[in-house]
Amino acid sequence: MKSILIVGGGSAGWMAAAFLNHALRSPGEEGPLQITVVESDAIGTIGVGEATVPTMRTFLRSIGVPEWQFLTETHATFKHGIAFKGWRAPDAEGTPATYFHPFEVPATLAGHGLGTHWLNLRDRGFKQPPYVEAISVQPELSRRFKSPKPLSALPYESPLSYAYHTDASKFGEMLKKLAISRGVKHVSDKVVSVHHHENGDIAHVRTAEHGDLAADFFIDASGFRALLLGGALKEPFVDWTSHLLCDRAVACQLPHESEVPTLRPFTTSTAQVAGWIWEIDLFSRRGNGYVYSSQHASADEAETTLRAHLGESAKDAPVRHLSMQIGHRPRMWVHNCMALGLAAGFLEPLESTGIYLVEVALSLFIDHVGGGVASPHFAARFNRKMSDIYLEIRDFLQMHYILSDRDDSAFWRDYRNEVSVSDSLREKLALWAFKLPSITDLDGQMTLFGPANYSYILAGMNHLPAGANHLSPYIAQSSSIKALTLIEQAKAKFVNSLPSHYEFLKKTRSVA
Ligand SMILES: Cc1cc2nc3c(=O)[nH]c(=O)nc-3n(C[C@H](O)[C@H](O)[C@H](O)COP(=O)(O)OP(=O)(O)OC[C@H]3O[C@@H](n4cnc5c(N)ncnc54)[C@H](O)[C@@H]3O)c2cc1C
């Protein structure tokens with residue numbers, strides 16, 4: 001493989017360019033491989049996708065971007081996790097339910113996970129804080145607008161797990177600048193047709209003004225259009241709207257309301273009658289949007305709901321309506337072409353997994369281009385692994401909805417009664433009616449969401465095992481009290497020692 005052509009210059013295209021260039025070319029040397037990105041300014045990028053998961057830190061570190069540069073150039077903020085509001089029916093007083101999904105993986109103390117200690121004390125009749133609040137420090141730190149890391153922490157390091165919110169367009173620009181400065185070629189033009197070799201491989205793409213661009217390997221990062229994999233190679237798209245109902249979004253950006261904004265170090269997801277609204281604080285502005293099901297709300301209704309939720313400041317603010325293709329192409333890599341990002345598939349943004357799916361596909365790709373050859377055997381293995389990951393994330397997202405007891409709209413009733421649920425998810429939910437999730441319950445070998453993540457959602461949705469935990473009789477009450485007291489002490493320590501989210505970012509920017 002001597003040349004790779006990437007079609008598309010959204011986050012997926014530039015992530016691929018920066019990552020592959022870093023992994024397959026030595027800095028400052030010509031090297032055997034040339035990477036080119038062709039993108040069309042006239043078509044533009046999707047421009048949304050502002051929340052990430054913690055693996056983003058590994059990605060940025062692996063391509064050699066200093067954390068301060070990423071934070072500054074993309075107006076990024078930190079993310080401890082997601083605050084879910086109104087995902088269950090309100091309580092008897094009408095108060096909406098809220099819960100937090102932190103990134104923290106709970107510690108094992110005295111031989112048991114903190115979740116098991118919490119169940120032990122519950123089974124012994126102790127009154128204690130809700131599950132997630134008791135076993136994680138991150139909900140409290142989020143409420144207090146604390147940074148997940150001290151000012152003295154090394155780049156990308158912290159005692160606490162964290163991710164980012166980032167301006168998707170600025171993220172793309174940063175990667176583009178970086179990749180071009182390291183030798184990636186850039187062609188600004190529209191691809192008008194795709195041409196094949198006799199064996200079905202792609203030979204070249206034809207552009208409107210730059211003629212034909214040939215390569216040994218092609219990456220389709222052309223967004224929902226999927227110009228190469230869907231268009232030229234006709235790889236079928238498997239629609240998953242029978243599993244995940246939300247297929248539209250309306251987005252709205254707003255300025256901060258004060259000069260020194262109270263930056264929320266978490267994403268807020270507020271359930272609505274036909275979907276949910278995201279709120280994300282970036283350093284320079286607020287990003288918001290309503291992700292909804294077109295079967296249950298019209299675009300006008302969704303826009304009205306979003307504006308009403310955001311209040312006076314959003315009255316005349318411009319909005320963007322977006323259509324989302326929910327599902328994936330089970331074979332992301334066919335012939336000499338691999339799709340990435342929206343061209344490969346999309347699962348709604350509830351747990352911010354879009355950019356993660358690009359990261360994981362890129363690392364798998366590098367792992368499978370042995371000796372610089374993109375072999376069909378590797379492709380089959382790659383496709384199987386990526387399909388498993390898409391399936392796993394689909395089921396994890398679906399769990400958020402089908403566990404809800406909301407009964408106030410057709411959307412929530414349809415989620416409970418009409419959607420297709422995989423046998424694997426049904427089996428797991430049946431199991432977790434009796435025990436907390438453990439690693440052996442999960443099917444995929446490459447899981448983004450581990451047992452802790454599943455248990456946070458189960459707890460938040462009031463679906464922890466109701467009966468006594470099978471281990472409770474064997475765990476001393478005193479050791480569970482000690483374990484959970486340690487978390488309370490850690491919480492107090494972090495609250496006192498960590499800087500505010502705003503202070504951390506302000507300082508980083510001033511040093512930068
Ligand atoms: C509502 C919404 C919210 C989201 N939120 C999140 C989130 O919080 N977290 C997250 O991780 N992900 C999120 N995502 C997903 C995320 O936005 C995408 O996964 C990511 O931006 C990658 O997009 P892309 O590069 O594949 O596509 P795009 O940004 O659409 O880029 C496509 C590129 O292809 C080019 N192109 C297309 N046709 C041609 C042609 N004929 N010739 C030349 N160039 C062409 C375009 O010019 C563009 O450069 C969200 C997505 C949506 C829809």
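Distant-in-sequence amide contacts of K79, defined by a placed amide H-H separation under 5 Å and a gap of 5 or more residues or a different chain, comprise A163, Y164, H165. Heavy-atom accessible surface of region 433-484, averaged per residue, reaches 49 Å², computed with a 1.4 Å probe.
I need the calculated FRET efficiency for the pair S193 and D388, taking r as the beta carbon distance and R₀ as 45 Å, to the nearest 0.05. Efficiency computed from Cβ-Cβ geometry: 0.85.
A cut-off of 5 Å between modelled amide H atoms, ignoring neighbours fewer than 5 places along the same chain, links V319 with no other residue. Counting only heavy atoms of the protein chains and using a 1.4 Å probe, S181 has close to 90 Å² of accessible surface.
Seen from S62, the other residues with C-beta closer than 15 Å to its C-beta sum to a net charge of 0, counting Lys and Arg as +1 and Asp and Glu as -1.
Using R₀ = 30 Å, calculate the FRET efficiency as 1/(1 + (r/R₀)^6) where r is the Cβ-Cβ separation of M1 and D41; round to 0.05. Calculated transfer efficiency: 0.60. Applying the Kirkwood pairwise sum to the alpha-carbon positions of the chain produces a hydrodynamic radius of 24.1 angstrom. Using a probe radius of 1.4 angstrom, the carbon and sulfur fraction of the accessible surface of region 289-442 is 53%.
Could you give the Stokes-Einstein D for region 352-499 in µm² per second, using the C-alpha Kirkwood radius, 10 °C, 1.306 mPa s? Calculated translational D: 85 µm²/s. Using the Cβ of P473 as centre and a radius below 12 Å, the other residues enclosed give a net charge of 0, where K and R count +1 and D and E count -1. Reported to the nearest whole Å, the Cα centre-to-centre distance from region 366-430 to region 123-171 is 26.
So which helices of the chain fit the span-like rule, where a helix is a whole DSSP H run, its Cα atoms reach 15 Å or more along the axis, and its mean Kyte-Doolittle is at least 1.6?
Span-like helices here: 354-367.
Region 36-55 and region 480-503 have Cα centres lying 37 Å from one another. Of the heavy-atom accessible surface of region 160-248 (probe 1.4 angstrom), what whole percent is carbon and sulfur? Ligands and nucleic acids excluded, carbon and sulfur give 49 percent. Compared with the direct C-alpha span, the chain from R509 to V421 gains 27.1 nm at full extension, assuming 0.36 nm per residue. Each peptide in 452-465, 395-408, 435-448 was scored by the mean count of other Cβ atoms within 10 Å over its residues; highest first, the order is 452-465, 395-408, 435-448.
How much net charge surrounds E488 when only the other residues with a Cβ under 14 Å from the Cβ of E488 are counted, with Lys and Arg +1 and Asp and Glu -1? Neighbourhood net charge equals +1.
What is region 167-296 by shape, rounded, prolate or oblate, if you read a ≥ b ≥ c off the alpha carbon gyration tensor as root eigenvalues and call it rounded for a/c under 1.5, prolate for a/b larger than b/c, and oblate otherwise? Oblate, since a/c reaches 1.5 and b/c is not below a/b.
Ligands, DNA and RNA left out, the accessible area of region 1-133 computed with a 1.4 Å probe is 56% carbon and sulfur. In summary, region 1-56 shows an alpha-carbon radius of gyration equal to 1.31 times the 2.2 N^0.38 Å reference for compact globular proteins. For q = 0.15 Å⁻¹, what log10 I(q)/I(0) does region 135-236 give under the Debye formula with an equal point scatterer on each alpha carbon and no solvent? Summing over Cα pairs of region 135-236 leads to -0.80.
The coefficient of translational diffusion for region 47-161, derived via Stokes-Einstein from the alpha carbon Kirkwood radius under 4 °C and 1.567 mPa s, stands at 77 µm²/s. A probe of 1.4 angstrom, applied to the heavy atoms of all protein chains, finds S313 with accessible area near 50 square angstrom. If R0 equals 22 Å, the separation of the Cβ atoms of A299 and K85 corresponds to a calculated FRET efficiency of about 0.40.
Per-residue packing, averaged as other Cβ atoms within 10 Å, sorts the ranges 352-363, 252-263 into the order 352-363, 252-263, beginning with the highest.
Which percent of the Cα-Cα distances in region 387-473 go past 18 Å? Of the Cα pairs, 45 percent sit more than 18 Å apart.
Highest mean first, how do 338-350, 122-134 rank when packing is the count of other Cβ atoms within 10 Å averaged over residues?
In decreasing order of mean packing, 338-350, 122-134 become 338-350, 122-134.
Name the shape class, rounded, prolate or oblate, that the alpha-carbon gyration tensor gives for region 213-277, where a ≥ b ≥ c are the square roots of its eigenvalues, rounded holds for a/c under 1.5, and otherwise prolate holds if a/b is larger than b/c and oblate otherwise. Oblate. Binning the alpha carbon pair distances of region 126-172 at 10 angstrom intervals from zero yields the distribution 20, 38, 30, 10, 2, 0, expressed in whole percent. Label zone of S158 (point 7 Å out along Cα→Cβ, amide N under 13 Å): in region 94-111 this covers 102-105.
Within the assembled protein chains, the solvent-accessible surface assigned to W87 is about 0 Å², based on a 1.4 Å probe. The convex hull of the Cα atoms of region 259-320, projected and averaged over all directions, covers 4.6 nm². Of K127/K507; K170/K190; K435/K482; K146/K385; K79/K385; K149/K428, which pairs sit farther than 30 Å apart, going by alpha carbon to alpha carbon? Among K127/K507; K170/K190; K435/K482; K146/K385; K79/K385; K149/K428, the Cα-Cα distance tops 30 Å for K127/K507; K146/K385; K149/K428.
The values are calculated or read from the model by the stated rules, or taken from the named source; none is laboratory data. Quick caveat: nothing in here was measured; it's all calculated off a predicted structure. Don't worry about glycine lacking a Cβ; one is built from the backbone with ideal geometry, like all the others, and counts go over all protein chains shown. Surface accessibility is based on the protein's heavy atoms, side chains included, excluding ligands, DNA and RNA. Shrake-Rupley method; radii C 1.70, N 1.55, O 1.52, S 1.80 Å.
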